[in-house]
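The values are calculated or read from the model by the stated rules, or taken from the named source; none is laboratory data. Here the structure is a predicted model, which means the values were calculated and not measured. Note that we place each Cβ from the backbone using ideal geometry, even for glycine, and neighbour counts take in every protein chain shown. These area figures cover heavy atoms from the full protein model, side chains too; ligands, DNA and RNA do not enter into them. Shrake-Rupley method; radii C 1.70, N 1.55, O 1.52, S 1.80 Å.
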Amino acid sequence: MPKKVKQSARREREGIAAVQSIGTTELKWIFREQPVEDYGIDAQVEVVEEGIAAGRLLAAQAKSGPSYFKKETNRGWWFRLDPNDLEYWLDHSLPVIVVLYDTDTSTAYWEVVTSTTVVTGKRGGKKVLIPKAQRLGVNSQRILSRAAEGNPYELKLRQLRLALPWMKLLQSGRRLLLEADEWINKSSGRGDIQIVSVDDANEDRQELSSWFIMVGLRPYEEVLPALVPWANVVVHEETYDDADYEAWEVDCVHYDDEGDRYESEDYDEWRVAMIGGRELRPYANFAGEVDSWRLELVLNELGKGFLAVDEFAATKGRILTPN
């Protein structure tokens, strides 16, 4: 018997999808949905300036449905905070925003969760006011961008901390793939991105994260490695070997009237000419609209070094300092 999906779960999905749509179409920022449930964060949102990812991120928790709009004031709506979520959000490496999505008006409102915006209710519970004036969209771009700010040093450390679970997967022997569908005829540079984990045999596929990017006219062979500075990026050999061989067969393998096969060009020579010296390239194109990329991530010196720093920082015991 098919498993029923709870109405609350459908509403949550509707809210996340709405925030994603607003984030990518109005703000034109990168939206990375977090597929792991019950961690209190639905997505990471990265600021994009002039088509370039700025390295400034926000974590977002989206809530959807009429129940969140019952406790209305002249200024907005009170959102009650779960103590565990609040502790997690205040300690998070990214600034956290709560987004309430009104399904009746297709409008979303937001607030940053900080020690300043959180207040204590009469019965001791914690809550935050989601202002009516803070409608999620292009008009909130500047203030949200400021909320995501930090100095370059802190932002780079934040980026590495967020990628730490992926680095540890590589360290454990799992393989990580960076997959992208690039909409080549759009000046926005739109792309659909996935980070995927597979085992050594290229099986047991597990999706870790997915998001959109809007990078203007920047070439993807530059953009994709910049998303993962802690890893070297190479083509996924299994995918590209298969795709190249199939393309060679279409171009160079023929059959005469008697059904005998002949090759108009040697495969290795054809492949060298086709690649044209490009280290990174799409492996397929669909309908002249979408280039598909599948790249493999290999820990580089930065990634290995950050793992060593993390291991040191996680070691229990006092730190001795000279007097």
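I need the P(r) histogram for region 163-280: all alpha carbon pairs, bin width 5 Å from 0 out to the longest distance, whole percents.
For region 163-280, the pair-distance distribution reads 2, 9, 15, 16, 16, 14, 11, 7, 4, 3, 1, 0.
Just to confirm a number: summing +1 for Lys and Arg and -1 for Asp and Glu over residues other than A273 whose beta-carbon lies under 11 angstrom from that of A273, what do you get? Before the final figure, lay out the partial values.
Values: positive: R271; negative: D251, E265, D266, D268, E269.
So the surrounding residues net to -4.
Solvent-accessible area per residue for region 128-271 at a 1.4 Å probe radius, Å²?
Numbers: 7990 Å² over 144 residues.
Heavy-atom accessible area per residue stands at 55 Å².
For Y267, what accessible area in Å² do you get when you roll a 1.4 Å probe over the heavy atoms of the protein chains, rounding to the nearest 10?
Accessible area of Y267: about 40 Å².
How big is the chain by Rg and Dmax over its Cα atoms, in Å?
My reading of the Cα-based Rg and Dmax gives 23.8, 90 Å.
How do L176, L217, L157 rank by accessible surface area computed with a 1.4 Å probe, from largest to smallest?
Numbers: L176 0, L217 160, L157 65 Å².
Descending order: L217, L157, L176.
I need the GluC sites (Glu not before Pro) found in region 266-305, filtered to DSSP loop residues with at most 15 other beta carbons within 10 Å of theirs.
Within region 266-305, the qualifying GluC sites (Glu not before Pro) (loop, at most 15 other Cβ atoms within 10 Å) are E279, E289.
Pull up all non-local amide H partners of A231: gap of 5 or more, or a different chain, and H-to-H distance under 5 Å with H placed in the peptide plane.
Correct list: N300.
Would you please give the residues with an amide H less than 5 Å from that of D42, counting only those at least 5 places away or on a separate chain, with H modeled from the backbone geometry?
A60, Q61, A62
Sorting Y220, Y262, Y283 by accessible area (1.4 Å probe), largest first, what list results? Show your work: numbers first, answer last.
Details: Y220 5, Y262 115, Y283 55 Å².
Ranking Y220, Y262, Y283 by accessible area, largest first, yields Y262, Y283, Y220.
Please say if region 188-248 is rounded, prolate or oblate, where rounded means a/c under 1.5 for a ≥ b ≥ c the square roots of the C-alpha gyration tensor eigenvalues, and otherwise the choice is prolate for a/b larger than b/c and oblate otherwise? Don't skip to the end; give the middle numbers.
On the way: a/c = 1.89, a/b = 1.30, b/c = 1.45.
The shape class here is oblate.
So how exposed is R11, as accessible area in Å² (1.4 Å probe, rounded to 10)?
80
Counting pairs of alpha carbon atoms under 8 Å apart in space and at least six apart in sequence, what relative contact order in percent does the chain give?
Working: 532 pairs, mean separation 49.3, N = 323.
About 15 percent, as a whole number.
Within region 99-175, report the GluC sites (Glu not before Pro) that DSSP leaves as loop and that have at most 14 other Cβ atoms within 10 Å. Don't skip to the answer; put the middle values down first.
Working: sites: E111, E149, E154; in loops: E149.
Sparse-neighbourhood loop GluC sites (Glu not before Pro): E149.
What residue among A273, A308, A148 shows peak mean-square fluctuation when the chain is described by a Gaussian network model with Cα springs under 10 Å?
A273
Restricting things to Cα coordinates, could you compute the convex hull volume per residue of region 121-182 in Å³?
Details: hull volume 13.9 nm³, N = 62.
It is 225 Å³ per residue.
For the chain, what does the helix formula give at 222 nm: sum of -39500 (n - 2.57) over DSSP H segments with n ≥ 4, over the residue count, nearest 500 deg cm²/dmol?
-9500 deg cm²/dmol
Enumerate the calculated ³J(HN,Hα) couplings along region 107-120 in order (Karplus 6.51 cos²θ - 1.76 cosθ + 1.60, θ = phi - 60°), each rounded to whole Hz, writing x wherever the residue is Gly or Pro.
The phi angles translate into 10, 10, 10, 9, 7, 7, 8, 9, 5, 7, 7, 7, 10, 9 Hz.
So, taking all protein chains as they sit and a 1.4 Å probe, how much accessible area belongs to K127, in Å² rounded to tens?
40
Of all the accessible heavy-atom surface of the chain, with the other protein chains kept in place and a 1.4 Å probe, what percent is carbon and sulfur? Don't skip to the end; give the middle numbers.
Working: 9390 of 19040 Å².
Of all accessible area on the chain, carbon and sulfur atoms account for 49 percent.
Between Rg and the Kirkwood Rh of region 8-127, both from Cα atoms, what is the Rg to Rh ratio?
Taking Rg over the Kirkwood Rh, I get 0.96.
Mind checking the log10 I(q)/I(0) for region 244-314 at q = 0.16, 0.26, 0.27, 0.28 Å⁻¹? Debye, one equal scatterer per Cα, no solvent, two decimals.
Per q value, in the given order, log10 I(q)/I(0) is -0.77, -1.16, -1.19, -1.22.
For region 125-131, just list the computed ³J(HN,Hα) in residue order, Karplus coefficients 6.51, -1.76 and 1.60, θ = phi - 60°, integers in Hz, with x standing in for Gly and Pro.
Each residue of region 125-131 in turn: x, 9, 8, 9, 8, 9, x Hz.
Quick check on my link table: of K156/K186; K28/K70; K122/K316; K28/K63; K28/K132, which ones sit more than 28 Å apart, alpha carbon to alpha carbon? Don't jump to the answer; show the numbers that get you there.
Values: K156/K186 30 Å; K28/K70 31 Å; K122/K316 40 Å; K28/K63 21 Å; K28/K132 22 Å.
The pairs that break the limit, which is 28 Å between Cα atoms, are K156/K186; K28/K70; K122/K316.
Hey, what do the phi angles of region 183-199 turn into as Karplus ³J(HN,Hα) couplings, whole Hz, using 6.51/-1.76/1.60 and θ = phi - 60°, x for Gly and Pro?
For region 183-199, the Karplus curve yields 7, 6, 9, 10, 5, 5, x, 5, x, 9, 10, 9, 10, 10, 10, 9, 7 Hz.
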